[in-house]
1. Residues Gly104, Gly96, Gly118: which one is under 16 Å from the mean Cα position of the chain (by Cα) and in contact (Cβ under 8 Å) with a residue 24 or more places away in the chain?
2. For the range 123-136, which residues satisfy the criterion of being touching a residue at least 60 places away in the same chain (Cβ under 8 Å) and in a helix (DSSP H, G or I)?
3. Looking at (1) at pLDDT 95 or above; (2) in contact with an Asp or Glu (Cβ under 9 Å, 6 or more places away or on another chain); (3) farther than 20 Å from Phe66 by Cα, can you tell me which one Trp167 breaks?
4. Given the residues Gly55, Gly23, which is the only one that is at pLDDT below 95, of a type outside the set (A, V, I, L, M) and buried (at least 16 other Cβ atoms within 10 Å of the Cβ)?
5. Any idea which of (1) over 15 Å from Met19 (Cα atoms); (2) surrounded by 16 or more Cβ atoms within 10 Å (Cβ to Cβ); (3) modelled with pLDDT under 95 is the one Ile46 doesn't satisfy?
6. From Pro112, Pro80, which residue is of a type outside the set (D, E, K, R), surrounded by fewer than 20 Cβ atoms within 10 Å (Cβ to Cβ) and in a helix (DSSP H, G or I)?
7. Can you confirm whether Ala111 is modelled with pLDDT under 95 and aliphatic (A, V, I, L, M)?
8. Within the range 144-151, does at least one residue satisfy the condition of being out of contact with any Gly (no Cβ under 6 Å at 6 or more places or on another chain), buried (at least 19 other Cβ atoms within 10 Å of the Cβ) and more than 26 Å from Arg38 (Cα to Cα)?
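The values are calculated or read from the model by the stated rules, or taken from the named source; none is laboratory data. Please read all numbers here as calculations on a predicted model, not as lab measurements. Every residue, glycine among them, receives a Cβ derived from its backbone with ideal geometry; neighbour counts consider all protein chains shown.
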Amino acid sequence: MNSLLSQLIELIIYVLPAMVANGAPVIMNGPPPVDFGRRFIDGRRIFGDGKTWGGLLGGMTAGTLFGAIEAVAVGADLIPYAALASLGALIGDLFGSFIKRRLGLERGQQAPVLDQLGFYVFALLFLYIVGKTFPLVDEVLWALAIYGLHRATNWGAYKLGLKKVPW
């Protein structure tokens, strides 16, 4: 049992920078849009105005810095993994926006599960690329926790006026 708990804690340590990176663009954003206003072959925006270069830079910076703080706290070389997980999270968020635009969903419209877990799946994929894997049961448990945390933090950001919608 102790081993299962330690594996879950390890997963959380490696994924927390991705969570920070995913949330940071709400506060640390700025023009121009990643897609520079361009449209895809279907005539819709590629990502939309909500995905900016400032948000990507802010997310990468915040996630990587958080990983550096973790590295000092746990005494491990987590910084490259933090940067990679942060990049994965931000690419996952862009992928989610791309899919939402293809489905005809506008900025701020809800896409359950995709909105809450797309960044997490991509962060894990990016970590897998460099051989960092975790037990599936831990990934599923943490996905359930992230879903709830994501809903709660977005509601809080909405109440604070940082987001226009509570999801």
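1. Gly118
2. Result: Ala123, Leu124, Leu127.
3. Single failed check for Trp167: (1).
4. Going through Gly55, Gly23 in turn, just one is at pLDDT below 95, of a type outside the set (A, V, I, L, M) and buried (at least 16 other Cβ atoms within 10 Å of the Cβ): Gly23.
5. Unmet condition: (3).
6. Exactly one of Pro112, Pro80 is of a type outside the set (D, E, K, R), surrounded by fewer than 20 Cβ atoms within 10 Å (Cβ to Cβ) and in a helix (DSSP H, G or I), namely Pro80.
7. yes
8. yes
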